[in-house]
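We did not get these values from a lab; they are worked out from the coordinates using the rules stated. Treat the numbers as computed from the prediction; the structure is a model and nothing was measured. All Cβ positions, glycine included, derive from the backbone under ideal geometry; neighbour counts span all protein chains shown.
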Amino acid sequence: MNTFFLVIGIGLCVLVFFVLYRVVFGPGVFNRIAAISAIGTKTLIIILIMGIIYNRIDMFVDISMVYALLNFIGTLAAAKYLEIGGEKL
Amino acid sequence: MIRKTDDIIIRTVARILVPFIQIYALYVIMHGHYSPGGGFQGGVILGASIVLLLITHGLVETKKKIPEKAIALFSSMGVFIYAGIGVLCLLLFGNFLDYGKLSVILNIPPAAARAMGILGVEIGVSITVMAVMISIFTSISTAEDHSKYDKEH
Amino acid sequence: MEVTLLIEAMDSSFRVLEDAKNQAVDIMNSAVRVTSETRTIEEKKLVNIFKGAQSRRAILQNTVATFVILFGFWTVLSGIFDLFHLTLGVICSLIISILTHDLLFANVRVGDIKLTIIRFIRYLPWLIYQIFVSNFYVAYLVLSPKMPISPQIIRFKTKLESDISWVVLANSITLTPGTITIDIKDGEFYVHALAKKVADDLNTGEMEDRVAHIFMEADHIYVQDVLDVAPIFGVLRKGI
C-alpha cells in the first residue's frame, strides 16, 4: 500500500512542474494566480500522502488544514489587490 | 485593500468560515503539546481569520467587531501574561519560567504544573501574535493614515 | 373718595382672580404635558422591551446554535475525551460563539435553524449524485476526439431572495463539473457552461427549486414534496 501512495505522491510532484510552467510563462496575471492556487491544492494532497506514508495522519491533517486556509486567504488577497487596480491600496 | 467587496459569494463564504477558523486556531493553541502547532502558529491563524474579515468586510465593519484600542491592549496583554507567569515562578523561589514551582499554587504535581504553565505561556504568545499581525496588516494597507480613510467612508 | 377706593379694591381683586386663573391653567397644562410625556416614554419603553426581547431571543438562539456546531467541530478535531480537554473545548467554543454569533447565522428567522440544517443535509446526497453524473459527461467531452463542446454564458434571474441561498446555489453550480458561476449581480446569475446538455440541465431549474426548499423561500411547488407524493401516485396508477 505504501508504494501505491508513494507513486501517487511522485506523480503529483511531477504534475506540479507542469503547473509551474503556467506560473512562469503564463500570459497575464490571472493565469498565474489560478496556477499558484492549483499548486497549493496539489501540495495539500502531497502533505496528506506523506502523512499516510509516515503513519502520522492525525498530525499531517492539521498541517494540511492550515495550508489550505493560508492558500485560500492568499489567493483572495491577490485577487482583491488586482480588483482595485493596485495603485491605490 | 480593506474596503468592502461587492462579491456576495466571497463575503458570505468568509462570514461562515471565520468562526471555524477561530475554533481551529484555539484547537492548535490548546493542543500544542500533542500535535504540531502551539502559541505562535495558533496566533497566526487567529490573525488570519481577522485578516480575512478585513479583506472581505472592510475596515469599518471589522472595527465594530474588534476596535483598534482592543488590538493595542491585546498586543501588550499577551506579553504581560507571558512575563507574569515567568515572574510568578521567580517569586516562588524558582528560575524565570520554572513552571515546576507553580505546583504550590495550583495544588497539582510538578509535572502537571509544567503542562499548565506552558499552556498559559502559549495563550499569552498567541494573543500577542494575533494582535501584532492585525496591526501590521492594517498599518500597511491603510498606509498608516486611518483618519483620511475614516473621512472617505 | 369711597368710590375710587371701592374701584381700586375691585380692580385688585379681579387681578388676583385672574392671576389665580392663569396659574390654574398653567398647572393644568403642565399636568397634561407631563402625563402625555410619561405616556410616550412608557410606550417607547414597552416597544423597546418588546424589540429587545425579540432581538435578544434571536441572539441567544444564534449563540446556542453556533456553540453546538463549534463544539462538535472541536470534538472531531481533538479526539481526546478526558475532562480537561472537554472543558477547554467548552470554554473555547463559548468564547467564539459569543464573539461571532452574528457571523455564522446572519438573517435567519427565529426557529428555522434546525429545519434548515436537516434539509441541507438531505440536499447533499442529490448534489453528490449530480456531481458524479456530470463528471462522467465532462470526461466523455474531454476524451472524445471530436471535442463536441459549445461554450456559452447563460444569464438567468433567480427567484431566491437571501444571500446565503444565492451562495449555496452558486457553489452547487460551480461544484458540478461543466458549469461555473462567474458573477452574481442584482439577483442575476452569470454562468459559464461547457456544453449544451449541461446548460439545458441547469435551465430546468431543479437545483434552484431544491435550494429554495432548503431555505424555505419563493412560493412554488417544492420538488421534495412532489417527490414525496410520487410513490403514492404510482400505486394509484397501478391500481387503476
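Applying both filters, DSSP loop and at most 14 other Cβ atoms within 10 Å, to the trypsin sites (Lys or Arg not before Pro) of the range C:67-152 gives C:109, C:146. Shape verdict for the range B:38-91, please, from the Cα gyration tensor: rounded (a/c under 1.5), prolate (a/b greater than b/c) or oblate. It is oblate, given that a/c is not under 1.5 and a/b is not larger than b/c.
What the Cα atoms of chain A give is an Rg and a Dmax of 15.6, 53 Å.
Hydrophobic, long helices, defined as DSSP H runs whose alpha-carbon span along the helix axis is 24 Å or greater and whose mean Kyte-Doolittle value is at least 1.6, occur in chain B at B:8-30, B:68-91.
Mean separation of Cα pairs under 8 Å and 6 or more residues apart, divided by the residue count, gives the range C:1-103 a relative contact order of 26 percent. Given the range B:1-44, what whole percent of its Cα pairs are spread farther than 15 Å? Of the Cα pairs, 54 percent sit more than 15 Å apart. Distance from the Cα centre of the range B:106-126 to that of the range B:22-73, in angstrom? The two parts, judged by their Cα centres, are 22 Å apart. Peptide B:5-13 shows a mean partner chain C-beta count of 6 within 10 Å per residue C-beta.
Each label was represented as a point 7 Å from its Cα along the Cα-to-Cβ direction; for residue A:83 and residue C:128 these points are 3.2 nm apart.
Using only alpha carbon pairs under 8 Å that are at least six residues apart, calculate the relative contact order of chain C and give it in whole percent. Don't jump to the answer; show the numbers that get you there.
Numbers: 158 pairs, mean separation 32.4, N = 240.
Result for chain C is 13 percent.
What does the C-alpha gyration tensor say about the overall shape of the protein assembly as shown? Classify as rounded when a/c is under 1.5, otherwise prolate if a/b is larger than b/c, or oblate. Verdict is oblate for the protein assembly as shown.
At q = 0.13, 0.22, 0.25 Å⁻¹, work out log10 I(q)/I(0) for the range C:1-103 with the Debye formula, treating every Cα as an identical point scatterer and leaving solvent out; two decimals please. The Debye formula, applied to the Cα set alone, gives -0.73, -1.06, -1.16. Restricted to Cα atoms, chain B shows a radius of gyration and a Dmax of 18.6, 59 angstrom. Pairs of Cα atoms nearer than 8 Å and 6+ residues apart set the relative contact order; for the range B:4-153 it is 26 percent.
Counting each DSSP H run of 4 or more residues in chain B as -39500 (n - 2.57), what helix-only mean residue ellipticity at 222 nm follows after dividing by all residues, to the nearest 500 deg cm²/dmol? It would help to have the intermediate numbers written out before the result.
Working: 6 runs with 117 residues, N = 153.
Computed mean residue ellipticity for chain B: -26000 deg cm²/dmol.
Residue ranges B:82-94, A:6-18 sort as B:82-94, A:6-18 when ordered by packing (mean number of other C-beta atoms within 10 Å per residue, highest first). For the cross-link pairs C:146/C:196; C:146/C:197; B:4/B:64; A:80/B:4; C:159/C:196; C:159/C:185, the ones whose C-alpha atoms lie over 19 Å apart are C:159/C:196.
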